[in-house]
1. For residue A:88, put the label point 7 Å out on the Cα→Cβ axis and report which residues of region A:221-250 keep their amide N under 12 Å from it.
2. Report the label-to-label distance for residue A:17 and residue A:330 in nanometres (one decimal), using points 7 Å from each Cα along the Cα→Cβ vector.
3. Past the 23 Å Cα-Cα mark, which pairs from B:88/B:228; A:175/A:254; B:21/B:56; A:14/B:124; B:56/B:124; A:200/A:221?
4. Once phi is turned into ³J(HN,Hα) by the Karplus curve 6.51 cos²θ - 1.76 cosθ + 1.60 with θ = phi - 60°, what whole-Hz value does each residue of region A:203-216 show in order, with x for glycine and proline?
5. Taking a spot 7 Å from the Cα of residue B:183 along the direction of its beta carbon, which residues of region A:265-309 have an amide N less than 15 Å from it?
6. Obtain the nm distance between the two label points defined at residue A:269 and residue A:5 by a simple spin-label model: each point lies 7 Å from its Cα along the Cα-to-C-beta direction.
7. Let me confirm one metric for peptide A:283-289, namely the mean number of other chain beta-carbon atoms within 10 Å of its residues' beta-carbons.
8. Report the residues of region A:201-232 in range of a label on residue A:73: point 7 Å along Cα→C-beta, backbone N strictly under 12 Å from it.
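Throughout, read-outs are computed from the coordinates displayed, never taken from laboratory work. On a predicted model such as this, the values are computed, not experimentally measured, just so you know. Cβ placement follows ideal geometry from the backbone for every residue including glycine, while neighbour counts extend to all protein chains displayed.
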Amino acid sequence: MKFARIIFANLLRKKVRLLLTIGSFAVALFLFAFLAVVNDAFQRGSDVAGADRLVIINRTSIINPIPLSYRDKILRIPGVKVITHNNWFGAIYKDEKNFFPQFVIDPENQRQVFPELLVSDDQWNAFVKDRQGAIVGARTAERFGWKIGDRVPLVSTIWGGGNWEFNIDGIYHGKLPQDDETQFWLQWDYFQEHVPAGIKGQVGWYVLRLDTPDDAVRVSKAIDGEFANSPNETRTETESAFAANWVKQFGNIKLLIISIGTVVFLTLLLVTGNTMAISVRERTPELAIFKAIGYSDRAVLFFVLAESLIIALIGGTIGLLLSVGAVPVLAKGLNGLLPALILTPSTLVLGTIFAVLVGLLSGVFPGLTAMHMRVVNALRRV
Amino acid sequence: MVKVDGSGSQSSLIQVRDLDKTYRRGGEEIDVLQGLNLDVEAGEFVAFMGPSGSGKSTLLNLLGGLDVPTRGHITVAGDEITHMSGGKLTEWRARHVGFIFQMYNLIPVLTAFQNVELPLLLTKLSKAERRSHVETALGVVGLSDRMQHFPRQLSGGQEQRVTIARAIVSDPTFLLCDEPTGDLDRKSADDVMAIIEELVGKYHKTVLMVTHDPVVAARAHSILHLEKGVLVEGKHTTPLSSAGGVA
């Protein structure tokens, strides 16, 4: 394009200022990507939730158990396809810092309810036969260097304390990159053998799959109605709603992230807008010359917008590329605290749109000023 | 042939009729031009003189379509420009006017070649055609060997010659020069004036020039003085019309 030389020559006239402006874009876009990744991680539960899954917890609180005897009653409700149950195990591996989620599972139905978490039949069969067996997510296995056949000791902090020994019989992988690969599954029967008598026969929550997602409301009402006025009333909700409520326990993460993002956006807008305004003001007589020799108002606006857009795109691309490299490092540094820190293509696209938007907005007011200036007045300022 | 009484023929390249320009400064109205008439034939070289604030540059700006009059009409090569929209006027300037300013007004981040090429980027000329035009224009002003120099690498006189090359590269209908030698030493001023004279004499360009310098003005065909908002006759160096001509 024949005007590119003019645009780039203008961009490069103040190299230090250009670098600083690009740098501010890069830092802002890096921060944007980081915030988006953290937000995604918190929202991931509801995003990856199966549309046909319901979660049933004790109406009082998730820490209050529900009787195992509910299972058969729930299964009798029309529309329920399969049901499994879990308990939070909450043990420590060597050190309290080594956090990862451990669940007591029902080997009979776990794979039918969570088909997206893949484990080979061989490994699964070995697990089912092994009372002390465990299936571990690929990320946790990688984190601690566990291999199939390893014997792993965990110290329970909830269920009467003491050492629990497990054999790693299998490693599961998520079907999608965002699937949680940090969990550790142990057998219900092994758990039942060791917990205090008052806990036996009590599950933490149920997860069921429906024949069709359309039944979600009806089945939820039916389940909660079934156990209404019992000592353990239930609250049934879709897995998505359950995950969203879970995140709410940490506070309004989304609002916090949006607030920080807004501050970043406005700060960047002010910084780049000010830079473009100074740049245009410095060049007022030159822009007047362009208009005098026949360049239209729109051409002058185009030059200014093109400059701010190029700065935004270069800075934004650098920031996003930095985040591509930094997010895996961050994920490793957090030791699985947030299960799925992933920079998705949609975040990169959103970041690029964000950069373009800031670039255009920061250039539009100086550009309009240049566009509407009177040549005669501008030339007097020489 | 230059006339200032409004009696020029329809064939004049530039016709100005009853031109008024009033500025408002604070609550006060200042009449800079009052009923000004002017007829300039093609190929003329006219100098405008007058004290500071007499309206010389205002007149030049109006003739170049950079400003609009309060009243009156300006017609250039058959185009009535006083009622043109901003966009049309911009296109008209690109086609018809070459500007030469006192302060050169080159773009500092572009080379001499690129500065001269600027008006041609608005045309449909190919890259090779643009190059040919630019080389010719820079050749006319004697700067063929300075094409890749940036303005900061040129002397004041050379910068002004680049400005002249930029003004003529698109072969405009006429040139407007606002104090073209005002910032130059005598030698450089002579060089610049020699080029302008060559443009008039050899290439038959029409040149309207504002200057404070009587020596520079003396090189024009006609000198017009702006006094109290109207043009009055000065001296001439070529034959003028009998009625209303500058004598």
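1. From region A:221-250, the list is A:246-247, A:249-250.
2. In this crude label model, residue A:17 to residue A:330 measures out at 3.2 nm.
3. Correct reply: B:88/B:228; A:175/A:254; A:14/B:124; B:56/B:124; A:200/A:221.
4. 10, x, 6, 10, 10, 10, 10, 9, 4, 8, x, 5, 7, 3
5. A:283-290
6. Computed distance between label sites residue A:269 and residue A:5 equals 3.7 nm.
7. 4
8. Flagged as within label range: A:223-232.
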